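K.L.:
One structure follows; several queries about it will come next.
The values are calculated or read from the model by the stated rules, or taken from the named source; none is laboratory data. For clarity, every value in this text was computed on a predicted model and none was experimentally measured. For neighbour counting, all protein chains shown are included, and Cβ atoms are generated from backbone atoms with ideal geometry for every residue, glycine included. With ligands, DNA and RNA removed, areas are computed over all heavy atoms of the protein, side chains included. Shrake-Rupley method; radii C 1.70, N 1.55, O 1.52, S 1.80 Å.
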Amino acid sequence: MANEHIHGGGTANSNEAGKRSGSRQSRANETENTATQAGQGKNRRHRTKRHMTVTVEHKRPQITPEDQMEKETFSKPRTRKARGGSRRRGSVERKPDATLKVIPLGGLDAIGKNMTAFECGDDMILVDAGLMFPDDDHPGIDLILPDYTYVLENEHKLRGIIITHGHEDHTGSLPYLMKDLSRKVPIYATKMTLGLVEGKFNEHRVKARLAEVKAGDEIKLGSFVVDFFAVNHSIPGALGVFLQSPAGNVLHTGDFKLDQSPIDGVHTDFGALARFGKMGVDLMMSDSTNAMNPNFTPSEAEVGRALRPIIENAKGRVIIASFASHIHRLQQIADAAVACGRKVVVTGRSMVQNTDIARRLGYLKIQDVDLIDAYDLKDMPADKVVIMCTGSQGEPLSALARIANGEHRTIQIDEGDTVIISATPVPGNEKAVTRVVNSLAKIGCDVYDKRRAMVHVSGHAGAEELKLVLSIVQPKNFMPVHGEATHLRAHAKLAEATGVPARNIFLCENGDTLELTQDGVRFGEPVESGIVYVDGLSVGDTSKDVLDERQTLGGAGVALICAAVDLRKKQIMGHVRVEMRGITGGDVSDLRREATDTVKGTLRRALEKGTKGRDLEKTCRDSLLSLLWERTKQRPMVVSSIIEL
């Protein structure tokens, strides 16, 4: 399985729909007090575990020819278009005793796993259900999900799930969530987003109610009235959301930028933002990813202008690694390739799937004649091919990594070929990307990244764009979302600079609750939150302790103690064995002999004192750890197995 970080598409597949886990494993809750509102306030974070079993299928995806494409494959919603004139679109009657709870369950400790619950009385809606991909601190982990236990405990209130756009950090948890829910809750999103979601559900064999909405649509979910407005992002069909409730109004921008020359002609809707601002925004939640960038984010069109001459002047193959769901980028790559007389090859599981979906729904325009299968590359001259692949984050199983290591089944790279990494490494992936680049350099490839040419621009608004939106909306209260702590705090300062009072700016953590009433916004009781690890065939089995042990094994090795003792005679029976793996000097006979003698002596003294059971094992373990620290300055994992006769 090739993991595409955040904007990619690699996920585990399931062979069963799964059931809501009635008997969940015991949850280890960790509570912390953290400054939040302008440096004050209290948060609590809870770590939990969940379990679900999945299996992985390996089937090579194919790109569908145009004559076999089906344009629509999901159900139609019943939405309400806003009428013309100056009426207050579907205004909700305010109730003095109503309280709207805003509960972020993910997305406030990292760029990923976005999920926010909005609860008013007996009604709840969920905005986004994303995941995050692991880094070096998560050995063996495939995916990281937000813990949505609170949603499951209150699913009788859940009226719908709104997905703002199709990136993995906003959609990746959906298959797991839908398996755990006991009923089919409708999912509202644009055509492109639903196409990507449907692909995930097909892999996981999940049945769901998919409802297409468009920018300008308005729907009623319980006591909520939801308006959708267009925003420009790095994927088609991105939306912002304006929620009206009996307690007040909330504006959620989703991920956005203010690109004035967008590839698909869709701009962020300034008119809608101004209209909502006049209606009154009691709380605004806005994308913080690029809050520390003091400038405007460049247009996506700049990438196309940079790619064309690179492809045109390349001598051999051109291999371009990008996020698999960055459809605007893929369109520009395809356009440049065709203009330069080259055929396009798509490789990498998520890249093939997303390309197929985007073409099927009309968001990616490239003719069948300009596409060739990777298995047909042997018949094509090297200077007539552009290869679009996954692997822009250095994932070891991605297409680019396998190409660089000479392990790809159909694509071989040669000296003089050109490689373009059309993405920015997500924090934590820099080393992995560098390893791939070095492998390519050893082959003799000409490697481009954004430091050498503008082959990538962000899909998120910079500081000046964020201030512009804040100035248009003029919210009464503000909550930065979608980012790490530094991004959230930087965005909070921007809000204060545009006139939002510091006391009305809320810096939250996952699991915090904001309560919106007619008296304003305040912190409420936090809810259970945390993260859930997807590890191979299991979901929720892997704990932080397991990860710590894996890191210890990888960094310092393991030592094994095996012995048998007669507790009645207080004697050691047979030989004492000490095995060391991954320990400096562990293969040196002197150290092995000294380690064995140390454990033997410790065992004899402990038996004479009447020590037994776990205390006996701990004594042996501590003595060996002490010796190894003195001799090697390492603290490996020590496993002590004492058989008592």
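K.L.:
Of everything in the stretch 476-506, what is open to solvent by less than 20 Å² (accessible area, probe 1.4 Å), in contact with a helix residue (DSSP H, G or I) (Cβ under 8 Å, 6 or more places away or on another chain), part of a loop (DSSP other than H, G, I, E, B) and touching a residue at least 40 places away in the same chain (Cβ under 8 Å)? Give them in sequence order.
P.N.:
N477, G483
K.L.:
Find the strands (runs of 3 or more DSSP E) located wholly in the stretch 95-210 whose residues include 3 or more that are of a type in the set (A, V, I, L, M), and list them. So that I can check it myself, show each step before the final result.
P.N.:
Working: elements: 100-106, 115-120, 123-127, 143-146, 158-162, 187-189.
Counting at least 3 such residues, we get 100-106, 123-127, 143-146, 158-162.
K.L.:
Any residue at all in the stretch 341-356 that is farther than 28 Å from V197 by Cβ, open to solvent by less than 10 Å² (accessible area, probe 1.4 Å), in a helix (DSSP H, G or I) and among the small types (G, A, S)?
P.N.:
Within the stretch 341-356, none of the residues are farther than 28 Å from V197 by Cβ, open to solvent by less than 10 Å² (accessible area, probe 1.4 Å), in a helix (DSSP H, G or I) and among the small types (G, A, S).
K.L.:
Within the bounds of the stretch 253-273, is there any residue that is under 30 Å from P96 (Cα atoms), part of a helix (DSSP H, G or I) and in contact (Cβ under 8 Å) with a residue 40 or more places away in the chain?
P.N.:
Within the stretch 253-273 (the criterion being under 30 Å from P96 (Cα atoms), part of a helix (DSSP H, G or I) and in contact (Cβ under 8 Å) with a residue 40 or more places away in the chain), the answer is yes, since at least one residue qualifies.
K.L.:
Suppose we filter the stretch 442-470 for residues that are open to solvent by 60 Å² or more (accessible area, probe 1.4 Å) and of a type outside the set (K, R); how many remain?
P.N.:
Counting residues in the stretch 442-470 that are open to solvent by 60 Å² or more (accessible area, probe 1.4 Å) and of a type outside the set (K, R) gives 3.
K.L.:
Working only within the stretch 511-526, note down all residues that are open to solvent by 10 Å² or more (accessible area, probe 1.4 Å) and in contact with a strand residue (DSSP E or B) (Cβ under 6 Å, 6 or more places away or on another chain).
P.N.:
To start, the set of residues in the stretch 511-526 that are open to solvent by 10 Å² or more (accessible area, probe 1.4 Å) comprises 515, 517-526.
Hits for the stretch 511-526 are E515, V521, R522, G524.
K.L.:
In the list K191, K214, which residue meets the criterion of being of a type in the set (K, R) and within 18 Å of L243 (Cβ to Cβ)?
P.N.:
Sole residue among the options that is of a type in the set (K, R) and within 18 Å of L243 (Cβ to Cβ): K214.
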